[in-house]
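Asks: Got a structure for you, written out below as structure tokens; questions coming shortly.
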Amino acid sequence: MTNADRTSLLSDSENTVLPLSQNLPKESLLSAPQLLLAEHILGSIPLWEVKSKRVGQGIREKEVIREVFYRGELRKLPLVIYASGDLGLPNSVDLELFRGFERWAIGVLDREKTLPSIVKISASEILHCAGKESSGVAYAEVDRFFLRMKGTMIAAGRARTMPVGKEKSYGGVEQGMTEGRARLRSTKGIAFQIFGTVVVPGQVNGRGEMADKYEVELASWYRESLLMGNCFVVDHSLFREMKGSLSKLLHQLLHNLFFLGRGHAEQRYSDLAGYWQMTRYHSRSRVREQFEEAHRELVSRQFLQSWEVIPTQEHGVKDFVLVWEAGPAWWKTESQLASMKVKYQLGDDRDAPEMIPTVIDPFLAAMTDEKEHAVSSQGDDPSSSARLLYEVMELSGRRKDPQVWEKWWKRAIASVPHPFVWRRIGEVRERKARGEKINMGSYLSKLVKIDAQKLGASWASSDS
């Protein structure tokens, strides 16, 4: 299905296609888009977690994996997120406020054409930009947001988790993290903050003056990345209208995964449960039930086209893979990036390419230079290979030599990391949707062959 086709279709989970105007409550229909730019480095880190009603059960640190392109390769960078003391890790409410903060910051850029290293913002301003009502509870949330974000640290390096005891469970159901694990460590010891010094209204700032607004020092890497236009586009009205905490976290995560896979994304369920501190189930029906409401909300708003939960195994341990296809709302906002950067004068518009500075990604300082790839190609997962082969054969259409063609693709899928192939599929679909006259199957095979050559596959160099 091309991107153009997707604009007129809406699918329920497991690919049940519905017209937009039917079977949807009125509040599910899309409102006018309100686009904002979100900084991409932070947006690619599973920082946030589901808001919990349980008090005092939050963890102080968690291990996550950040997927990123590095030197032309898709790599998985281990990170450790350290919480801000008793305030805990940032949750979906903090994500809402952070989106409001970025919307406010983009407004400053629009007016001032720059963003100072120390910004001043009031509680009412961030609540307004986040689309939240003002109240005593909301003002307290803003206080916690700034203090929690100030104390949160992200450590880059070879994070590792050492299980030393039995997993904590309630009623036979595992939790996202385990009891008895050794403390998470980063062997590189490189830690970064998002906000530096934060002065709360009513406190004395560094100049000896009483602050009447929050005075927030932005981390240099975050500010520079934002100014350079290293961003993705978010439809903020769509984000604000979502009700569920899990819906908002999926919306944030999938922006990066769809960018990497050009509209296709996959993630292991066990990883998601750990990232978001969710109860982990071992039944496919319970996993589907756990995500059903959030996915239904994202599908109804056209951010998702479809989603699936697929059983898998790794080293004999049962797990699941969640698979997503982007909907027309994501494709539409993604296409606005270039015009948004021009509008806000982000990046460097000098003509000489060698003069354009690259965005400094501080977390890549901990990336190893070893030849081995830190990317999971899922080559040992038969279901992943079968899904990919089916998608390729469907895209290729009828061939004169279907058996030879299928054999060629089986070899390619076994050699090239699957995220690379999915990304190439997205590129081909995008070109076709723009009206280019291409043979989708042949063009895709050329692109994947180039990737195989870069990876040193002998068949790709000798194959005619």
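Asks: When you go through (1) modelled with pLDDT of 90 or more; (2) more than 28 Å from ARG268 (Cβ to Cβ) one by one for LEU95, which number turns out not to apply?
Replies: (2)
Asks: Looking only at the range 430-439, decide whether some residue is closer than 18 Å to LEU260 by Cα, in contact (Cβ under 8 Å) with a residue 60 or more places away in the chain and not assigned by TED's automatic domain parsing to the domain that holds ARG75.
Replies: In the first step, residues of the range 430-439 are kept if they are closer than 18 Å to LEU260 by Cα; the result is 430-431.
Among the residues that remain, those that are also in contact (Cβ under 8 Å) with a residue 60 or more places away in the chain are: 430.
With the extra rule that they be not assigned by TED's automatic domain parsing to the domain that holds ARG75, the set shrinks to 430.
Checked the range 430-439: at least one residue is closer than 18 Å to LEU260 by Cα, in contact (Cβ under 8 Å) with a residue 60 or more places away in the chain and not assigned by TED's automatic domain parsing to the domain that holds ARG75.
Asks: Among GLY435, GLY456, GLY397, GLY441, which is more than 24 Å from the chain's Cα centre (by Cα) and modelled with pLDDT of 80 or more?
Replies: Values: GLY435 fails: modelled with pLDDT of 80 or more; GLY456 fails: modelled with pLDDT of 80 or more; GLY397 fails: modelled with pLDDT of 80 or more.
Answer to the selection: GLY441.
Asks: Can you name every residue in the range 268-291 that is at pLDDT 95 or above, of a type in the set (Asp, Glu) and within 19 Å of the chain's Cα centre (by Cα)?
Replies: none
Asks: How many residues does the range 401-426 hold that are polar (S, T, N, Q) and at pLDDT below 80?
Replies: Pass one, the range 401-426, residues polar (S, T, N, Q): 403, 415.
Checking which are at pLDDT below 80 leaves us with 403.
Residues in the range 401-426 being polar (S, T, N, Q) and at pLDDT below 80: 1 in total.
Asks: Can you confirm whether ILE81 is modelled with pLDDT of 90 or more, assigned to a strand (DSSP E or B) and over 23 Å from ARG103 (Cβ atoms)? Steps first, answer last, please.
Replies: Details: modelled with pLDDT of 90 or more: yes; assigned to a strand (DSSP E or B): yes; over 23 Å from ARG103 (Cβ atoms): yes.
Yes; evaluated as a whole, the condition is true for this residue.
Asks: Working carefully through the options GLY100, GLY107, find the one that is loosely packed, with under 15 Cβ neighbours inside 10 Å and either part of a helix (DSSP H, G or I) or more than 24 Å from the chain's Cα centre (by Cα) (or both).
Replies: Numbers: GLY100 fails: loosely packed, with under 15 Cβ neighbours inside 10 Å.
When all the criteria are applied, what remains is GLY107.
The values are calculated or read from the model by the stated rules, or taken from the named source; none is laboratory data. This structure is a prediction, so every number in the text was calculated from the model and none was measured. Don't worry about glycine lacking a Cβ; one is built from the backbone with ideal geometry, like all the others, and counts go over all protein chains shown.
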